[in-house]
Amino acid sequence: MLLMSRASGRYMAMHIVVFDLETTGFSPSCNEIIQIAGIRMREGVILEQETFATFVRPVRYIPGNITELTGITHAQVQDAPEVVDALMNFSRFAGDATLLAHNGRRFDMPFIRESCARHKLPVRPVSFIDSMDLSKKIWGGRGGHGLDGVMARLGLSANGSRRHDARGDVQILAEAVHRMWSQLSADFAVCPVGCHTGEIPMA
């Protein structure tokens, strides 16, 4: 089955990988990825058993404020794969899926692009959806389109998962996307917002 973005008129396979990154800071050009997690969705169904998760070993120590926010310590990442291997493995997991991240246009996809450029990784184009666009289409231009705001509006809880741990965040985001998408379209073969193009490593 094909997925069509009404905004762009472009078709893509109805195969989505919801993903999230944790990083050492907020600048794609200066900071590093320290965690990647993803979960697969097909035809609007969240496939709980088809997940990806890895810590990533950064070059520099994780700042204290980031450990406080994410719970990720240097001990957890010191034996983790380096970013080249982690991104290649994530690309293999993603396959031909359309990627989806919350604030992906400004945060997650630029981090992947900059990491690939920094390490001179060959890249391939990938379609992606920014789930903030779903939130804005439902609730308009008002503030509160971060994941916490979306969760509050949808009545979702973290169910014991730590926020800002990518493994928990992708589970929450997948459920939020399912609910937002359902409000905008009864057809999970039709994307109710525009699709963007990014880059991930050529696996």
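The values are calculated or read from the model by the stated rules, or taken from the named source; none is laboratory data. Everything numeric here is computed off the predicted structure, so don't read it as measured data. Virtual Cβ from ideal backbone geometry, glycine too; neighbours counted across all protein chains shown. SASA here: full protein model, heavy atoms, side chains in, ligands and nucleic acids out. Shrake-Rupley method; radii C 1.70, N 1.55, O 1.52, S 1.80 Å.
Some observations on this one:
- Remark: the chain carries 46 Å² of accessible area per residue (probe radius 1.4 Å; ligands, DNA and RNA excluded).
- The H on the amide N of GLU50, modeled in the peptide plane, is under 5 Å from the matching H of ARG40, each at least 5 residues off or on a different chain.
- Extension gain, LYS137 back to ARG106 (0.36 nm per residue minus Cα-Cα distance, nm): 9.4 nm
- P(r) tail fraction, region 12-75 - alpha-carbon pairs more than 14 Å apart, %: 61
- Distant alpha-carbon pairs in region 134-203 (separation over 14 angstrom), percent: 65
- Per DSSP, loop GluC sites (Glu not before Pro) in region 37-130 with at most 12 further Cβ within 10 Å: GLU43
- Rounded Å value of the spacing that divides the Cα centres of region 167-184 and region 76-122: 21
- Approximate spin-label separation THR197-GLU82, in nm, with each point projected 7 Å along Cα-to-Cβ: 3.1
- Gyration tensor analysis over the Cα atoms of region 52-203 returns equivalent ellipsoid semi-axes of 27, 21, 13 Å (largest first, whole Å).
- 3J(HN,Hα) along region 83-96, derived from phi through the Karplus expression 6.51 cos²θ - 1.76 cosθ + 1.60 where θ = phi - 60°, amounts to 4, 4, 5, 5, 5, 4, 5, 5, 4, 5, 4, 5, x, 9 Hz, with x in place of Gly and Pro.
- Over all pairs of different C-alpha atoms in region 111-162, the reciprocal of the mean inverse distance, the Kirkwood hydrodynamic radius, equals 13.8 Å.
- When you restrict to C-alpha pairs under 8 Å that are six or more residues apart and normalise by the size of region 51-108, the relative contact order lands at 39 percent.
- As a calculated quantity, the FRET efficiency between HIS74 and SER29 at R0 = 22 Å, using C-beta atoms, amounts to about 0.50.
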